[in-house]
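Enquirer: The structure follows.
The values are calculated or read from the model by the stated rules, or taken from the named source; none is laboratory data. This structure is a prediction, so every number in the text was calculated from the model and none was measured. Methodologically, a virtual Cβ is constructed for each residue, glycine included, from the backbone with ideal geometry; neighbour enumeration extends over all protein chains shown. Calculation scope for accessible area: heavy atoms of the full protein, side chains included, ligands and nucleic acids excluded. Shrake-Rupley method; radii C 1.70, N 1.55, O 1.52, S 1.80 Å.
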Amino acid sequence: MADMTAPDLPSQPSPNPATAAVPPVAASAAANVPTPASFGGAAALPARSAGLLGWAALLAGLIGLAAVALYAQGRVARVERDLVKRIQAVEAREQQFEQQSRVMSDSLRDTQGKAAVMEAKLADSLGQQSQLRQQYEQMALSRGDAMLADVENSVMIAAQQLQLGGNVPSALLALQDAEQVLSRSNQPAAIGLRRYIARDIDRLKAMPVTDFAAAVNRLDGVIAGAEQLPLLADTGRPPKATVESAEPERGGLMGLPGRVARTSLQGWEGFVAEMRQLVRVQRIDRPDALLLSPDQRFFARENLKLLLLNARLNLLARNESLFRADVARARGALERWFDADSKPVSATLASLRQLESATLTLQMPSLAETTAAIRAARAVRDAR
């Protein structure tokens, strides 16, 4: 460091005795005249001031440089911290992006797999759609043929129901179905076929209705009651039911007279019933019916049930001749072996007579004309 002390100032000259007697005016004039010493001190003062200013400027510059360096260092430190934070944030984001990219790549692979499956399914569906379109076009071209085939099938079903089973309601349903199919078409051939089918429907509706279900049920009732029908060879009769007293039975000696009277009455009724069985007056046209053994009685009942079952089968088969023959044979067996005077046997005979006289079969109309008209219409369409 330079010496910062102030320079020595020039000392005042001591008064000259030679000049002490000079008058004030002369003295002042003489004082105003510059001397060589005064000239040297004035020149040294600015040089020292300039040196001080230079040192001050240098010091200020150094301080400023230090301040700038400190500021720059703080600025650089802040910038470095910001850069470190940003780099860390960028690295974190990069890691997140890598994870997201992995997830996205996995989902992309899954999506690609699903897309491949969907494309395969789409290709299959497109192929099926093309096949369905072709089939639809073929069906549209052959719609009339399909309609005629459906109508012919319904008419054939109606004819089978009439010829094989005589089932008029089922035949009516089949013909009505055929008429509904034809009603959806405006072709001239369909209009003509509707006339034939409407005529057949009117003919079937005009036929009398035979209640086969009622006949079968009545015959089933006769078969079920055949086991309980009394035979002529059955000499025993079921005992009559005794009327019991509504009064409660008393115990001990108080109820003894009542019990004795009731037992005596039951014994007397049993004795009277046995005495009545000893003597019977009845007219028998076939005495052999009374001589059936227990085994023969069993077979007589079984034979009657077999005849009735055969009649039922013939009734279901709509075979009227065999049905009437079986009913007549069953009625003959009842009149021969069973007690016709009993109410169950007489009711069974009445039921068999009604079944034998009932009209079970009718002359069914033929649907040949309608079938021929349908086939002719199909032949004309195939010729086109």
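Enquirer: Counting just the residues of region 323-351 that are in a helix (DSSP H, G or I) and polar (S, T, N, Q), which one comes out farthest from the chain's Cα centre (by Cα)?
Expert: The qualifying residue farthest from the chain's Cα centre (by Cα) is Ser346.
Enquirer: Out of the residues in region 352-377 that are assigned to a loop (DSSP other than H, G, I, E, B) and at pLDDT 80 or above, state the one that is least open to solvent (accessible area, probe 1.4 Å).
Expert: Looking at the filtered set, the residue picked out is Leu367.
Enquirer: Specify which of the listed residues (Leu307, Leu315, Leu349) is in contact (Cβ under 8 Å) with a residue 40 or more places away in the chain and either small (Gly, Ala, Ser) or open to solvent by less than 30 Å² (accessible area, probe 1.4 Å) (or both).
Expert: When all the criteria are applied, what remains is Leu315.
Enquirer: Could you grab me the full set of residues in region 300-322 that are more than 28 Å from Gln161 (Cα to Cα) and within 49 Å of the chain's Cα centre (by Cα)?
Expert: none
Enquirer: Still on this model: Which of the residues that make up region 324-346 are open to solvent by less than 40 Å² (accessible area, probe 1.4 Å) and either aromatic (Phe, Trp, Tyr) or without any contact (Cβ under 8 Å) to a residue 12 or more places away in the chain (or both)?
Expert: If the condition is that a residue be open to solvent by less than 40 Å² (accessible area, probe 1.4 Å) and either aromatic (Phe, Trp, Tyr) or without any contact (Cβ under 8 Å) to a residue 12 or more places away in the chain (or both), then Gly332, Phe338 are the ones that fit.
Enquirer: Looking for something aliphatic (A, V, I, L, M) and buried (at least 17 other Cβ atoms within 10 Å of the Cβ) - is there at least one such residue anywhere in region 160-169?
Expert: There is at least one residue in region 160-169 that is aliphatic (A, V, I, L, M) and buried (at least 17 other Cβ atoms within 10 Å of the Cβ).
Enquirer: Would you check if Ala158 is assigned to a helix (DSSP H, G or I) and in contact with a Leu (Cβ under 9 Å, 6 or more places away or on another chain)?
Expert: yes
Enquirer: Kindly provide the set of residues from region 182-193 that are farther than 19 Å from Ala379 by Cβ and of a type outside the set (S, T, N, Q), ordered by number.
Expert: Passing the criteria: only Arg184.
Enquirer: Also: When region 281-313 is examined, which residues are found to be of a type outside the set (Phe, Trp, Tyr), more than 19 Å from Ala350 (Cβ to Cβ) and modelled with pLDDT of 85 or more?
Expert: Answer for region 281-313, where residues must be of a type outside the set (Phe, Trp, Tyr), more than 19 Å from Ala350 (Cβ to Cβ) and modelled with pLDDT of 85 or more: Arg301, Glu302, Asn303, Leu306, Leu309, Asn310, Leu313.
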